[in-house]
Each structure stands twice: as C-alpha cells, then as structure tokens.
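Everything below concerns the one structure shown next.
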Amino acid sequence: MKSTKEKMLKAAVQLFQTQGYDRTSVRDIAAAANVNVALISYYFGGKKGLYEKLITEFLEGYLQVMSAVMRTSYASEKERLLSLIKALLIYQTSNHDVARMAHREMTLDSTVVRELMTIYSRKEKHDFEEVIRAGMKTGEFVRRPLDYVVIHLKTMITMPYLSPHYLYEIFQISPSEANFVECYMKHLEQWVDVWLCQRVKQLTPIS
C-alpha cells in the first residue's frame, strides 16, 4: 500500500507532465492523490518543494547508479563505459516521467539549477572523465578532446528522455518501451567502437 507521500509524488509527476508546473495547483495534486491539501505544505513545504524533491531524488538515484558501476571491477574500460551507459538508460527508462522533468529543469537558469549543477552534474562529469581517461591511458580509446567526449555521451544518454515526443512523432520510438534500451545500446556500442576505439567498420542499421 502506497504511503501518503508516495501518492502525492506520483500524482504530482502525472500532473506536471500533462498540465505543466505553472498550471498545476496544490489543490490539483491533493485531489489526484486523494489527500488533504494541507499535507503538501506539511511534507514538502508547497508545490515548489515537491517539485524539487522529485528532481533531487531522481538525480541522487542517477548518481547512485553511476557509483555502483564505478565500484565494480571490469575486464576493460570499454566494458565499464558500456555498462555505465546501459545502467543509466535502464534507470531513466524506469523513471522516464521524472527523467524528463529533471533534464528539462536542468536546461533552465535558476539558483536551484546552479546548485544542482554543482552537486550532481559535476559528479557525473567526473565519473565519465575517469572512465575515458583510464581507457585512453590503456590505449583502448584513442585520444579525443575530453570535454567533447563527455558532451557526446551526456547528449546521447539524456536526449531520448528529454524529448520523448520528438522520438515518438518522428521515429515512432518511445524510451518508455521495454525493448528501447536493448535497441539503442546497439547503436551506442557502435559509436564507442568507431569513435572512441576507432575500429572502422560498416555501421549496421538499428531496427
């Protein structure tokens, strides 16, 4: 049985996705969760606090996924990188509604976002750089500008969850589908082979 807080969080995600943050009121959330409106202020300090709670919990979980991969032993840095990418895709697919909210929020310029950038994005960048540097040191990866490698990775990992409607309307692909990660990983494995490992081969179409 879901707790009162869980019901409010779930209702808020659904409403923020369908109505947007500004057009969603605390009364809307309370009604959807079937709770007293005063409980939103009690538990979260209001709508803004609830919204920030959703985003920070998602980002904390995102970093926990990265940390788990970074602590695991792998036969190669390429294997670690692919495991890291896949784990992050699975995590976002499992939380696709909140993922879209969090990634969209990170495109804005606000005090909250600057704080999130300092806490979460810098840690994400550090872990990506650690894997890429290690792979370059062992000779698995060719030397590339590190910043641009991280930008490429960040874009490919988050774009499907930031713009799911674009993928669906243009390509009829949905990141919430069960087989999305497996299909998308085939493309990302090819990208790592060709661009990072410089193994020149014919790219096969992803169906």
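The values are calculated or read from the model by the stated rules, or taken from the named source; none is laboratory data. All values derive from a computational prediction rather than experimental measurement. Here Cβ is always computed from backbone atoms with ideal geometry, including for glycine, and neighbour counts include all displayed protein chains. To get the accessible areas, we keep the full protein, side chains included, count just its heavy atoms, and leave off ligands, DNA and RNA. Shrake-Rupley method; radii C 1.70, N 1.55, O 1.52, S 1.80 Å.
Note the full-extension length gain between S163 and E189 as 0.36 nm times their separation in residues minus their Cα-Cα distance, in nm to one decimal.
That pair, S163 and E189, stretches by 7.2 nm at full extension.
Ranked by accessible surface with a 1.4 Å probe, highest first, in what order do H103, H152 come?
Result of the area sort, largest leading: H152, H103.
Please work out the FRET efficiency for the pair R122 and A75, using the Cβ-Cβ distance as r and a Förster radius of 25 Å; give the result to the nearest 0.05.
With a Förster radius of 25 Å, E is 0.30.
Ignoring any ligand, DNA or RNA, what whole percent of the accessible area of the chain comes from carbon and sulfur when the probe is 1.4 angstrom?
Here it works out to 54 percent.
Which whole-number percent is the relative contact order of the chain (Cα, under 8 Å, 6+ apart)?
18
What trypsin sites (Lys or Arg not before Pro) in the stretch 109-207 are in a loop by DSSP, with at most 14 other Cβ atoms within 10 Å of the Cβ?
R143, R199, K201
Before rounding to the nearest 500, sum -39500 (n - 2.57) across all DSSP H runs of length at least 4 in the chain and divide by the residue total; then give [θ] at 222 nm in deg cm²/dmol.
The helix contribution divided over the chain gives -21000 deg cm²/dmol.
P(r) tail for the stretch 1-88, what percent of Cα pairs lie past 23 Å?
40
Averaged per residue, what accessible area in Å² does the stretch 87-132 show with a 1.4 Å probe, protein chains only?
Ligands and nucleic acids excluded, the result is 49 Å² per residue.
Which links in K53/K86; K48/K123; K53/K125; K10/K48; K47/K125 stretch past 20 Å when you go from one Cα to the other?
As for pairs spanning more than 20 Å Cα to Cα, those are K53/K86; K48/K123; K53/K125; K47/K125.
Please quote Rg/Rh for the stretch 39-169 to two decimal places, taking the Kirkwood radius as Rh and restricting both calculations to Cα atoms.
1.02
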